[in-house]
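Report on the following structure.
Derivation of every value follows stated rules applied to the coordinates shown; laboratory data play no part. Here the structure is a predicted model, which is why all the values come from computation and not from measurement. Heads up, the Cβs are rebuilt from the backbone with ideal geometry, glycines too, and the neighbour counts pull from every protein chain shown.
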Amino acid sequence: MPDAAIVVLAGTESPSDLGRVVNALQTAEEFDEAGDDVEIVFDGAGTQWIPELADEDHDYHSLYAGLTDLMTACHYCANAYDVAGEVEDSPAELLDEHEGHPSIRSLVEDGYEIITY
């Protein structure tokens, strides 16, 4: 079974960004349904998606809500993009393993394939 870390870097600025986050969530869902280990990491501007998708009126809220147990977010970036409070209120675990950021290296060391959106 492959292990995958889906890293969402796309912000919330454009329709193409929405496409990337939806593709990321669908990819994570596919891995999860196959029984693979998968982690979704919201990093950089991608941290802005957590409060957006947590809104029950968002078109992709149900996709997001079905995957919240797989989600983590960058502690530093959540603060930098002014969404730390919303992320802290979400199921996503805030990570600060390497200078305030998630450790991508540790995921690679653990055998995860890194897929970025």
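As an exercise, identify the GluC sites (Glu not before Pro) in segment 34-88 lying in DSSP coil whose Cβ has no more than 12 other Cβ atoms within 10 Å.
E56
Tell me, what HN-Hα J-couplings in whole Hz come from the Karplus equation 6.51 cos²θ - 1.76 cosθ + 1.60 at θ = phi - 60° for each residue of segment 14-25, using x for Gly and Pro?
9, x, 5, 5, 4, x, 5, 5, 5, 4, 4, 5
Taking 1 over the mean of 1/r across every pair of different Cα atoms in the chain, what Kirkwood radius in Å do you get?
13.9 Å
With the dipole of the chain worked out from charges on the C-beta (+1 for Lys and Arg, -1 for Asp and Glu) around the Cα centre, which of N23, L70, L53 lies farthest toward the positive end?
Ranked along the dipole, the leading option is N23.
Provide the gained length on full extension for the span E13 to E109, in nm with one decimal, where the gain is 0.36 nm per separating residue minus the Cα-Cα distance.
Full extension of this stretch gives 31.3 nm more.
Return the FRET efficiency for the residue pair D57, D89: r is the Cβ-Cβ distance, R0 is 22 Å, and the value is rounded to the nearest 0.05.
Step by step, r from the Cβ atoms, then E = 0.80.
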